Amino acid sequence: MKRYIGDILLLITAIVWGSGFVMTAVALEHLTAYEVMAGRFLLGTLIITVLFYKKLRLISKSVLWKGAVLGTILFVAFALQTVGLEYTTPSKNAFLTAVNVVIVPVIAYLVYRRRIDRHELMASVIALTGIAFLSLQGSFTINIGDLLTLLCAVGFAFDIFYTNMFVKKEDALALTIVQFATAALLSTVAVLIQGGFPASPSNEAIWSVVYLAVFSTTIAYVCQNLAFRYTTPTKAAVILSLESFFGSVLAVLFINDVMTGRMVFGAALILVAVLVAEVKPAFRLRSSVRTDH
């Protein structure tokens, strides 16, 4: 049952993140990349601290340095993604960010010599192929925005990997508070270096940042970090890759975007990838039963 709790929480995260690419693009029409990040992380830190203030007493030296590491990785990844979105399309940004689904098992192997499970690898490749069909439109060319987003995928892969490791020993919510605070501090410093916050931001800018702070930051990361107690990094990355699927579905529902046959095929591939990752334990159990008998 615990395994399914983790999967449900990751599914919620993927749905929320699927809507985040459009809202970030809206915010970037009025604010700089670092202003968007500072706004979402400052407000996100305030919300999570107020909601889970009792967790502040669990912030030990261990939680502090681990949360600071996660916050720094998060800041770098979001900086690369958000700045990259200024130079590329939301669909390309979503696809290239989701490349982390393939990078995570590689990191696990290179850093900790964790064997790359063939089912997880298969699921990763299928998911990546599905994301390509779902998200990429027109010709695929690498520009500066694409390159920055590819680098951000590496950052998010490290975030998934180390968050999964850290929450096994530390309180997930205490870690998230420190993680957000670190990202907020680094983002604010970046804004101040650029000249400071705008004196009178537009209503569109305010509401898009509020949405990103409440949903794409606070709710999504609380769900993700809690879920990591119950799953592996690679499986988490595969489920989170559903964000591009939900992003496309939400675009069809709310902004009358067109769902082409190629996009439907890509969505189906992503769902197959999730099923491959999900049924892997069942395969192992059957194999064990056959061996025992």
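The values are calculated or read from the model by the stated rules, or taken from the named source; none is laboratory data. Note that the structure is predicted; figures quoted are calculated from it, not measured. FYI the Cβ positions are ideal-geometry reconstructions off the backbone, even for glycines, and counts take in every protein chain you see. Areas reflect the complete protein model, heavy atoms only, side chains present, ligands, DNA and RNA absent. Shrake-Rupley method; radii C 1.70, N 1.55, O 1.52, S 1.80 Å.
Among the numbered criteria (1) closer than 25 Å to ALA172 by Cα; (2) hydroxyl-bearing (Ser, Thr, Tyr); (3) outside any helix (DSSP H, G or I), which one does THR88 miss?
That leaves (1) as the condition not met.
Name every residue in segment 81-103 that is at pLDDT 75 or above and open to solvent by 40 Å² or more (accessible area, probe 1.4 Å), in order of residue number.
GLU86, TYR87
Would you say SER216 is over 28 Å from ILE270 (Cα atoms), hydroxyl-bearing (Ser, Thr, Tyr) and open to solvent by less than 60 Å² (accessible area, probe 1.4 Å)?
Details: over 28 Å from ILE270 (Cα atoms): no; hydroxyl-bearing (Ser, Thr, Tyr): yes; open to solvent by less than 60 Å² (accessible area, probe 1.4 Å): yes.
No.
ALA236: in contact with a Gly (Cβ under 7 Å, 6 or more places away or on another chain) and either in a helix (DSSP H, G or I) or under 30 Å from TYR112 (Cβ atoms) (or both), yes or no?
Details: in contact with a Gly (Cβ under 7 Å, 6 or more places away or on another chain): no; either in a helix (DSSP H, G or I) or under 30 Å from TYR112 (Cβ atoms) (or both): yes.
Taking the combined requirement at face value, the residue does not satisfy it.
Which of the residues spanning segment 21-41 are in a helix (DSSP H, G or I), buried (at least 21 other Cβ atoms within 10 Å of the Cβ) and either without any contact (Cβ under 8 Å) to a residue 12 or more places away in the chain or not polar (S, T, N, Q) (or both)? Write out each step before concluding.
Filtering segment 21-41 down to residues in a helix (DSSP H, G or I) leaves 21-27, 33-41.
Of the ones still in play, those that are also buried (at least 21 other Cβ atoms within 10 Å of the Cβ) are 21, 24, 27, 33-41.
The answer is PHE21, ALA27, ALA33, TYR34, GLU35, VAL36, MET37, ALA38, GLY39, ARG40, PHE41.
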